[in-house]
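Q: Sharing a structure, written as structure tokens. Questions coming.
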Amino acid sequence: MQNTQIAATFRKLNLIYATLVVGQVIMFSVLYGLKQENASNHAILQLPAAMLSITAILLAPAFYLRILKSRFQAPDAPARSLEEKIQIYQSANIVKLALLEGAAMFCAVCLMVTGEQFYAWLFIATFFSFMLHRPTPVKCAADLQLSETEKAELQDSLR
């Protein structure tokens, strides 16, 4: 029973990831098509968009690791089953991916409002970072510092 729950949680996380990827691509495509030539807003939005994008790229992974660390290395942290660890991994990943997606979407909206290609490049950089954070069993095992038996159980449940 536990193996099916682990596999279901991991499949759900990958479905969420794929949905976020498709949503960003569709949204960017639509907003790129609707872009307006209004360079007057570029001066206002340039710095916030760049700062948000850079901050998300740099801090989303750090925030993700901090969430994992707070759940597993706190002095009062209980011993957790693999199923509980995978659920925590899923939650932390959703937070990390949402931070990156939010920054990418802000850049896409700025592109639509101003028509400046600068925001398209910021979107692409943020989206590329998002793509690098695809959840995989190998990353899961490394991030959660799973034991060899837990790694084997994870692999078995995903077959």
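Quick note: the coordinates plus some simple rules give every number you see, no bench work behind them. Only a predicted model underlies this, so the values are computations on that prediction, with no experimental measurement involved. Note that each Cβ is placed from the backbone with ideal geometry, even for glycine, and that neighbours are counted across all protein chains shown.
Q: Relative to the longest principal axis of the C-alpha atoms of the chain, give the angle of the C-alpha long axis of helix 117-132, reported between 0 and 90° and rounded to the nearest 10°.
A: Tilt of helix 117-132: around 10 degrees.
Q: Measuring from a point 7 Å past the Cα of E37 along Cα-to-C-beta, which residues in segment 76-120 have an amide N at less than 16 Å?
A: Residues passing the 16 Å test: 112-118.
Q: Within the chain, what is the number of lysine pairs with alpha carbons under 25 Å apart, leaving out pairs fewer than eight places apart on the same chain?
A: For the chain, the number of qualifying lysine pairs is 15.
Q: Expressed as an acute angle from 0 to 90° and rounded to the nearest 10, what is the orientation of the C-alpha long axis of helix 42-72 relative to the principal long axis of the chain?
A: With rounding to tens, the tilt is 0 degrees.
Q: For each of Y64, Y32, count neighbouring Cβ atoms within 10 Å of the residue's Cβ, then give the residues from fewest to most.
A: Sorted ascending by nearby Cβ count, the order is Y32, Y64.
Q: Quick check on the exposure proxy: order E148, E83 from fewest to most C-beta atoms within 10 angstrom.
A: Final ranking by Cβ density, sparse to dense: E148, E83.
Q: If eta is 1.306 mPa s and T is 10 °C, what Stokes-Einstein diffusion coefficient results for segment 1-126, Kirkwood Rh from Cα pairs, in µm²/s?
A: Reported coefficient: 97 µm²/s.
Q: Turning to a different aspect of this structure: Mean residue ellipticity at 222 nm from the helices of the chain, using -39,500 (n - 2.57) per DSSP H segment of n ≥ 4 over the full residue count, to the nearest 500 deg cm²/dmol?
A: -28500 deg cm²/dmol
Q: How do the peptides 109-120, 6-17 rank, highest first, by the average count of neighbouring beta carbon atoms within 10 Å per residue?
A: Top of the packing list down: 109-120, 6-17.
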